[in-house]
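Following: one structure in structure tokens, then a few remarks.
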Amino acid sequence: MKLARSLLFAVAFSLSIFAFVHNGGGQIYQGRELVKAEVVADTNAIVPGKPFTAGLLLRMVPGWHTYWKFPGDAGIPTELKWKLPAGWKVGELQWPIPLKLSEPGDILIYGYRDEVLLMQKITPPASVSDSAVRLAADANWLVCEKICIPGSKSLQVELPISTASIPANKDLFDHFRRLLPQSWPGADIATAKWSRDGSNLHLNVISATLPNYATIDFYPLPEANVVVGHPSVESRRGNEISFRIPLESADQTFSSIQGLVVFAQSANGDDRAAWSVPTTAPAVVAESTPVRGILTFLLFGFLGGFILNLMPCVLPVISLKIFGFIQQAGQSRQKILRSGLAFTAGIFAWFIGLAVILIVLKSAGHQITWAVQFTNPYFVLFMSAVVLVFALNLFGVFEISLPQSATRGLLGAIGAAGDAGSFFQGVFATVLATPCTAPFLGTALGFAFTQSAAIILAMFVAIAAGMSAPYLLLSVQPAWLRFVPKPGPWMLRVKQFMGFLLLATLLFLLYVLGAQRGNDGVIWASCFLLALSIVCWIKGAFVTPTASTKARARAIVMMLILFLASGFYFVGEKFRSSKLAAIQSEAAGDWRPFTPERLQGELNEGHLVFVDFTAAWCLTCKFNEASVLESEAVREAFQRHNVTKLKADWTNGDPVITKLLQQFGRPGVPLYVLYAGNLAKPVVFPELLTKSIVLEKLETVSRSVASQ
């Protein structure tokens with residue numbers, strides 16, 4: 001029973017952190033509603049068995065844009081999920097030809113301005129008993145100008161059931177149907193041929209139709225594991241036009257790519273039309289990467305997982321592990337080994353579960369990154385609650401008594417709760433470790449995220465093996481426990497002291513919430529945590545083995561009411577409505593907020609630019625900043641070489657920064673890049689900085705710039 005409850009708690013905990021909450025409402029920014037969304041249909045009534053078209057209409061304020069199904073260098077596609085009665089069928093989402101938009105910093109995106117209608121064919125069943133049907137859907141989008149703000153809304157439209165219908169919203173649907181891409185025409189009108197030269201794909205099109213248009217372009221639609229550069233027209237002679245599509249990450253056998261040939265009389269003109277380009281299937285090979293290369297990266301993953309134990313983000317929880325080994329000193333070898341295996345199983349369970357989630361997200365076309373859960377403020381709030389409950393238990397505020405057991409239970413003194421407790425300790429310690437990347441780990445994950453599901457899973461298993469190795473080794477060799485103090489009464493004081501260490505971790509998590517949701521978010525989160533503390537106190541004071549059944553029942557009812565009411569009001573209402581922190585408005589010291597426009601502007605002026613890709617929840621980032629980037633020697637070197645310092649804050653998962661991380665082959669922060677306008681490529685630093693590395697690179701790059 002004890003093990004089953006512990007496992008159920010661990011599973012529920014692992015699943016809950018991925019319940020991402022979208023920013024809903026009308027997206028009011030600076031007094032304006034950025035996007036007005038509604039569901040529309042091309043018919044005034046539904047005829048059973050007769051298909052019709054419905055769609056999501058987004059109207060944006062001037063200057064703001066949403067994204068195509070391939071957003072380009074940055075952005076997130078709009079999503080539409082219908083909630084229809086049983087028996088109704090929905091076709092594929094039809095995307096009008098997007099605009100090609102160039103933004104400062106060499107950022108190229110594909111999206112829509114002013115308004116867009118995303119259409120889907122809906123087929124009702126042959127028999128519908130209701131007199132009217134409500135078509136409901138959930139829409140999610142990202143709208144951007146100088147900043148990006150996610151939006152979502154639940155929409156619906158009600159239509160009557162009839163034996164006949166007439167068209168509705170005809171002009172709107174006709175306009176956007178004209179903008180839908182067409183299938184590739186017959187060989188008598190156009191032919192297409194693919195070829196590859198190194199890291200470049202070439203598409204050669206011959207057509208007598210295309211010379212009639214002033215602008216012709218190629219819009220790519222790459223697969224999830226393929227990263228493309230900016231397509232360009234390589235040559236245009238008479239009826240023949242050639243496109244070059246650079247590949248930044250793709251298998252060597254990759255020989256073609258889906259996309260559109262777009263043509264119009266002017267760039268982004270309302271008369272634009274497009275053909276869907278035919279592709280040829282790439283050759284199938286047994287392995288896309290040599291076995292030796294895969295094993296090397298798996299070794300990197302193992303080493304990165306091992307070093308993860310030494311990273312700053314793990315220090316707040318390492319005391320929990322040490323305390324468990326102290327308590328085990330003097331116990332039987334079999335019990336120590338079993339506890340170590342359970343702790344190791346907790347580490348593996350978390351990493352394997354995270355790998356499965358990321359594989360599913362990648363298969364669905366989403367970008368995957370390391371520590372993605374920490375970009376969600378609700379996950380950070382959940383972890384704050386877990387850490388607080390652990391701390392209160394260590395202070396002795398409450399204990400959990402399982403049936404027929406006087407043990408302290410799942411949240412009892414660390415290491416004394418049996419195998420289930422050891423398992424959950426492994427999960428808990430690993431969760432708090434994932435905001436960091438360590439040496440070797442970033443390289444290994446950057447490689448794995450571009451590979452197949454099997455390699456991603458193998459990489460996370462290697463990382464779990466590396467992180468769990470020292471604890472498993474100590475469990476296998478219990479003789480080494482003689483070097484730690486023997487258990488005794490002093491352990492009560494140590495346990496209480498470790499409660500204060502967990503409160504320090506809680507302060508860090510509240511700091512992260514402040515960076516994500518501002519001061520209001522921290523206040524309302526703290527109110528919920530205070531109510532949770534009272535719940536724990538009621539548990540410890542009134543739900544005791546000596547209390548009567550009636551008294552325990554009253555206390556449990558009070559606990560449930562307080563927990564649910566505080567969660568609904570403080571989290572569901574106040575915290576949810578708290579505004580996102582304006583990260584880009586200020587930067588500490590002589591750092592300036594990163595934007596692609598600012599980066600490009602500094603490079604155009606010939607300046608060296610150092611970009612710190614960071615996040616409030618990344619303790620490795622904070623360690624590097626405090627010990628290296630803000631040290632007197634490095635600050636003086638930045639000033640001497642006239643380096644502009646930009647801070648790219650990824651606390652809330654900014655999509656532009658996500659794309660840049662992906663382009664540099666990094667799964668997450670930290671990332672440090674030194675740009676120079678006249679150098680072929682920027683200089684990328686390791687995840688863990690030292691003063692000597694930064695000073696040496698600054699000198700080398702400055703000399704290279706001066707010599708050109």
task: Test each condition in (1) touching an Asp or Glu at 6+ places or on another chain (Cβ under 8 Å); (2) touching a residue at least 60 places away in the same chain (Cβ under 8 Å) for Arg666 and report the one that comes out false.
output: (1)
query: Looking at Pro246, Pro312, Pro231, which one is under 26 Å from the mean Cα position of the chain (by Cα), of a type outside the set (S, T, N, Q) and modelled with pLDDT of 80 or more?
result: Pro246
Check on Lys681, of a type outside the set (Ser, Thr, Tyr), outside any helix (DSSP H, G or I) and open to solvent by 50 Å² or more (accessible area, probe 1.4 Å): yes
- prompt: Going through segment 536-561 one residue at a time, which ones are open to solvent by less than 100 Å² (accessible area, probe 1.4 Å), within 22 Å of Leu394 (Cα to Cα) and not in a helix (DSSP H, G or I)?
  reply: Val543, Thr544
query: So which residues in segment 47-86 are part of a loop (DSSP other than H, G, I, E, B) and touching a Gly at 6+ places or on another chain (Cβ under 7 Å)?
result: Gly75
query: Before we move on, is Trp184 touching a residue at least 24 places away in the same chain (Cβ under 8 Å) and outside any strand (DSSP E or B)?
result: yes
- request: Of all residues in segment 125-179, count the ones that are of a type in the set (Gly, Ala, Ser), part of a loop (DSSP other than H, G, I, E, B) and in contact (Cβ under 8 Å) with a residue 12 or more places away in the chain.
  value: 7
- request: Test Asp130 against the criterion of being open to solvent by 70 Å² or more (accessible area, probe 1.4 Å) and either within 30 Å of Asn212 (Cβ to Cβ) or among the small types (Gly, Ala, Ser) (or both), and give yes or no.
  value: no
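Per-residue answers, yes or no, for (1) closer than 30 Å to Leu660 by Cα; (2) hydroxyl-bearing (Ser, Thr, Tyr):
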{"position": "Ile149", "(1), (2)": "yes, no"}
{"position": "Leu155", "(1), (2)": "no, no"}
{"position": "Ala190", "(1), (2)": "no, no"}
{"position": "Thr209", "(1), (2)": "no, yes"}
{"position": "Tyr213", "(1), (2)": "no, yes"}
{"position": "Glu240", "(1), (2)": "no, no"}
field: Selection from segment 338-350 of residues that are crowded, with 24+ Cβ neighbours inside 10 Å and among the aromatic types (Phe, Trp, Tyr)
entry: Phe343, Trp350
- prompt: If you go through segment 606-655, how many residues are farther than 20 Å from Arg517 by Cβ and at pLDDT 80 or above?
  reply: 31
query: Taking helices (runs of 4 or more DSSP H) that do not extend beyond segment 597-665, which have at least 2 residues that are surrounded by 22 or more Cβ atoms within 10 Å (Cβ to Cβ)?
result: 619-624, 655-663
message: I'd like to know if segment 104-111 contains one or more residues that are more than 25 Å from Asp271 (Cβ to Cβ), surrounded by fewer than 17 Cβ atoms within 10 Å (Cβ to Cβ) and modelled with pLDDT under 90.
response: yes
task: Kindly indicate which of Leu564, Leu532 is at pLDDT 80 or above and open to solvent by less than 30 Å² (accessible area, probe 1.4 Å).
output: Leu532
statement: segment 409-517: helices (runs of 4 or more DSSP H) wholly inside it with 1 or more residues that are modelled with pLDDT under 70, in contact with a Phe, Trp or Tyr (Cβ under 9 Å, 6 or more places away or on another chain) and at negative phi are 418-433, 441-448
field: Candidate set: segment 87-124, residues that are in a strand (DSSP E or B), under 21 Å from Asp171 (Cα atoms) and not aliphatic (A, V, I, L, M); chosen: the one farthest from the chain's Cα centre (by Cα)
entry: Lys121
- prompt: Considering segment 493-529 alone, what residues qualify as being over 17 Å from Gly396 (Cα atoms) and either open to solvent by 60 Å² or more (accessible area, probe 1.4 Å) or among the acidic types (Asp, Glu) (or both)?
  reply: Leu507, Tyr511, Asn519, Asp520, Ile523, Trp524
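The values are calculated or read from the model by the stated rules, or taken from the named source; none is laboratory data. Computed from a predicted model, the values in this text were never measured in an experiment. Note that each Cβ is placed from the backbone with ideal geometry, even for glycine, and that neighbours are counted across all protein chains shown. All accessible areas refer to the heavy atoms of the entire protein, side chains included, with ligands and DNA or RNA removed. Shrake-Rupley method; radii C 1.70, N 1.55, O 1.52, S 1.80 Å.
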